[in-house]
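The values are calculated or read from the model by the stated rules, or taken from the named source; none is laboratory data. Keep in mind it's a predicted model, so treat the numbers as computed, not measured. Here Cβ is always computed from backbone atoms with ideal geometry, including for glycine, and neighbour counts include all displayed protein chains.
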Amino acid sequence: MINVTGLPAFNDNYIWLQTDTDSQLCHVVDPGDGDIVLKACRDNNLELAGILITHHHGDHTGGIRTLLKHHDVPVYGPASENIPGLTHPLSENDTLLLHGCTFRVIETPGHTAGHIAYFGEPEQQAPILFCGDTLFAGGCGRLFEGTAEQMLASLTKLSALPDQTLIYCAHEYTMANLRFAQAVEADNTALQQRIAATEALRQNGESTVPSEMATERATNPFLRSGEATVKAAAEQFSGRTMTDDTDTFAAIRRWKDSF
């Protein structure tokens, strides 16, 4: 069995610790703070077996050096980005075996030029997606290095994954994302229900991550550029007619940037 635990870091990051419950080996995803990971390993009697990186930003890579001082382990990450300590550069459809489960690399440029995600389907468990800052619960990452066309293509690839896929994104942005989603689709019943459930979680101090892919398709405006309601909202915001789904996506991404 694979167990995934979120280690809160900084203001709103999640560092994901993926553990083999039989062997006590673990892999860490996007360790922005190495000390947090070392403490979790000590407290839970875990042995670090590897490091997975989705992109080069410091809040995802800042702990690599600290971890490598204590553990001689492989560092997996995007082949086209400068990742400190990288030993295993990865590209589209490369695979790695973690705790008996094969994870496939999905290239997801947009937030950064070489961003990747990791997707696995453990036996008798829901599929797992580590997607860094590409897809968030209720939202998506800012376009720092890529284009709207690239990001939409990346999100479209992720959206095609199974309904039950558990999405382990890297930040607790959900409530803010859903407030924006409500501005885009105020009459979306599924979204209204999700907002109520999310508010209850946050009031109890609970995490809103992971989310499920089916929920994202129904409520996340960045996966819904083809919906008439999202297109109409984009046109109202921009004051012009949308030419295609990419145009709609770009408009709502600009809207979110200043929301």
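Screening GLN124 with (1) at positive phi; (2) part of a strand (DSSP E or B); (3) polar (S, T, N, Q) gives one miss only, at (2).
Hey, any hits in region 182-199 for a residue that's surrounded by fewer than 23 Cβ atoms within 10 Å (Cβ to Cβ), touching a strand residue (DSSP E or B) at 6+ places or on another chain (Cβ under 9 Å) and more than 18 Å from GLN18 (Cβ to Cβ)?
no
Within region 231-249, work out how many residues are closer than 14 Å to THR156 by Cβ and either in contact (Cβ under 8 Å) with a residue 60 or more places away in the chain or part of a helix (DSSP H, G or I) (or both). So that I can check it myself, show each step before the final result.
Of region 231-249, the ones closer than 14 Å to THR156 by Cβ are 244-246, 248-249.
Of the ones still in play, those that are also either in contact (Cβ under 8 Å) with a residue 60 or more places away in the chain or part of a helix (DSSP H, G or I) (or both) are 245-246, 248-249.
Number satisfying all stated conditions: 4.
Of everything in region 48-67, what is closer than 17 Å to ASP35 by Cβ and crowded, with 17+ Cβ neighbours inside 10 Å? Give them in sequence order. Talk me through it step by step, then tell me what you get.
Of all residues in region 48-67, those closer than 17 Å to ASP35 by Cβ come to 48, 51, 58-67.
If the condition is that a residue be closer than 17 Å to ASP35 by Cβ and crowded, with 17+ Cβ neighbours inside 10 Å, then LEU48, ILE51, ASP59, HIS60, THR61, GLY62, GLY63, ILE64, LEU67 are the ones that fit.
None of LEU178, LEU201, LEU158 is of a type in the set (A, V, I, L, M) and under 15 Å from the mean Cα position of the chain (by Cα) except LEU158.
Helices (runs of 4 or more DSSP H) wholly in region 1-93 with at least 1 residues that are of a type in the set (Lys, Arg) - which ones?
Numbers: elements: 34-43, 58-61, 64-70.
Per the criteria, 34-43, 64-70.
In this structure, TYR168 qualifies as of a type in the set (Phe, Trp, Tyr), touching a residue at least 60 places away in the same chain (Cβ under 8 Å), surrounded by 22 or more Cβ atoms within 10 Å (Cβ to Cβ) and touching a strand residue (DSSP E or B) at 6+ places or on another chain (Cβ under 7 Å). Does region 213-230 hold any residues that are touching an Asp or Glu at 6+ places or on another chain (Cβ under 7 Å), in contact (Cβ under 8 Å) with a residue 24 or more places away in the chain and not polar (S, T, N, Q), and which are they? Once the filter is applied, which keeps residues that are touching an Asp or Glu at 6+ places or on another chain (Cβ under 7 Å), in contact (Cβ under 8 Å) with a residue 24 or more places away in the chain and not polar (S, T, N, Q), region 213-230 yields MET213, ALA214, PRO221, LEU223, VAL230.
Suppose we filter GLY85, GLY77, GLY141, GLY63 for residues that are over 24 Å from THR19 (Cβ atoms), modelled with pLDDT of 95 or more and of a type outside the set (Phe, Trp, Tyr); which single one remains? Please lay out each step first, then the result.
Numbers: GLY85 fails: over 24 Å from THR19 (Cβ atoms); GLY77 fails: over 24 Å from THR19 (Cβ atoms); GLY63 fails: over 24 Å from THR19 (Cβ atoms).
Exactly one residue qualifies, and that residue is GLY141.
Name every residue in region 116-165 that is surrounded by fewer than 23 Cβ atoms within 10 Å (Cβ to Cβ) and of a type in the set (Ser, Thr, Tyr), in order of residue number. Passing the criteria: THR147, THR156, SER159. For region 12-19, the criterion of being surrounded by fewer than 20 Cβ atoms within 10 Å (Cβ to Cβ) and touching a Phe, Trp or Tyr at 6+ places or on another chain (Cβ under 7 Å) is met by at least one residue. Could you check region 228-250 and list, in sequence order, the residues that are aliphatic (A, V, I, L, M) and surrounded by 16 or more Cβ atoms within 10 Å (Cβ to Cβ)? VAL230, ALA233, ALA234, MET242, ALA250, listed by residue number.
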